[in-house]
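The structure appears below as structure tokens.
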Amino acid sequence: MKPYLANSEKTRELLARHSLFTKKGYGQNFLVDPSVPEGIVEAAGLTPSDAVLEIGPGIGTLTQYLAASAGRVLAVEIDRKLEPALAESLAGFDNAEVIWGDILKQNIPRLLEEKGVRPPVKVVANLPYYITTPILMGLLKQGNLFSSVTVMVQAEVGERMVASPGGKDYGYLSLSVQYYADPRLVLKVPPHVFLPQPKVSSVVVQLTKRQDPVPGTANPEYLFALAKGAFLQRRKTLANALAAYPPAGVNRQQVEAALEKMGLDPRIRGEKLSLEEYAALASYLGKEEK
Ligand code: SAM
């Protein structure tokens with residue numbers, strides 16, 4: 001069966017026939033241009049030996065493309081009202097299965113086991129933007145369940161994920177994503193390929209699991225606490241920002257001494273440090289070192 005739904009006329013017709021209206025609260029912006037799902041599938045490099053976890057199949061537009069390329073697709077959708085439309089668009093795509101529920105409440109390892117899918121799987125999705133970060137961080141923390149994550153996100157959020165030290169987009173999200181994965185921008189996507197059109201531009205990003213963990217991070221929770229403290233007050237020096245952030249558990253002199261030992265300017269701002277430098281700072285300042 002060939003995908004056919006990525007088209008505004010067919011999407012409008014399917015929605016109208018099932019008396020459906022898109023729900024803003026669920027981030028429902030459906031794809032209506034075939035070049036986008038084609039680009040996503042190509043970036044994900046899907047083959048018949050792949051199993052895919054899709055988040056938010058909606059009325060099945062991207063799902064059709066995933067099912068046509070992968071061996072198996074499990075798609076988790078929260079909005080049960082879409083069931084008749086989704087059943088219709090996935091008829092003939094027998095390797096796609098819908099799981100009704102909230103992705104943030106799924107026990108994914110158990111779900112895969114129940115469905116007889118052996119990890120790692122590829123995650124592919126046009127995400128509901130209102131919960132991009134909790135979805136992605138929830139996935140990235142789950143060890144070796146995923147080999148790659150290829151997702152549509154709001155452009156601004158994608159830029160922050162791939163940002164390098166020093167730029168305005170670099171921050172807590174960059175560090176926390178890059179701790180687990182190597183992110184890259186795959187596609188820029190304008191609003192007019194969606195129905196309804198979102199107010200923001202979008203990008204497709206691909207997160208590939210890091211092969212080697214960041215060196216020296218015995219205590220990732222502490223590294224994340226330092227990064228959070230640094231970017232809560234990014235205009236301050238790193239030493240002042242961390243001294244004002246109780247979870248970091250340090251005073252200004254301790255941070256300045258650690259920065260000096262690392263060969264960095266003690267008055268440096270947090271936005272200048274790389275992930276590896278945060279890791280080194282965490283081990284200089286971390287509990288095991290004090
Ligand atoms: N995949 C479709 C497409 O590309 O045309 C629809 C993508 S739309 C941007 C996001 C989808 O995620 C919607 O169908 C929405 O109902 C669903 N969704 C929103 N919150 C969800 C959640 N917590 N768990 C699972 N699905 C969710």
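The values are calculated or read from the model by the stated rules, or taken from the named source; none is laboratory data. The model shown is predicted, which means the values in this text are computed figures rather than measured ones. Note: ideal-geometry Cβ built from the backbone for every residue, glycine included; neighbour counts use all protein chains shown. Accessible surface areas use protein heavy atoms only, side chains included; no ligands, DNA or RNA. Shrake-Rupley method; radii C 1.70, N 1.55, O 1.52, S 1.80 Å.
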Q: Examine the stretch 76-98 for a residue that is closer than 20 Å to I131 by Cβ, open to solvent by 20 Å² or more (accessible area, probe 1.4 Å), of a type in the set (A, V, I, L, M) and more than 8 Å from the ligand (Cβ to nearest atom), and state whether such a residue exists.
A: yes
Q: Test E13 against the stated conditions and say whether it is touching a Gly at 6+ places or on another chain (Cβ under 8 Å) and at negative phi.
A: no
Q) So how many residues does the stretch 45-75 have that are surrounded by fewer than 19 Cβ atoms within 10 Å (Cβ to Cβ) and among the aliphatic types (A, V, I, L, M)? A) 1
Q: Confirm whether R160 is open to solvent by 20 Å² or more (accessible area, probe 1.4 Å), in contact with a helix residue (DSSP H, G or I) (Cβ under 8 Å, 6 or more places away or on another chain) and either assigned to a loop (DSSP other than H, G, I, E, B) or at positive phi (or both).
A: no
**Q.** Residues within the stretch 21-51 that are outside any helix (DSSP H, G or I), within 14 Å of the ligand (Cβ to nearest atom) and closer than 21 Å to M152 by Cβ, tallied
**A.** 10
Q.
Is it the case, given these coordinates, that T11 is touching a residue at least 60 places away in the same chain (Cβ under 8 Å) and in contact with a Pro (Cβ under 8 Å, 6 or more places away or on another chain)?
A. no
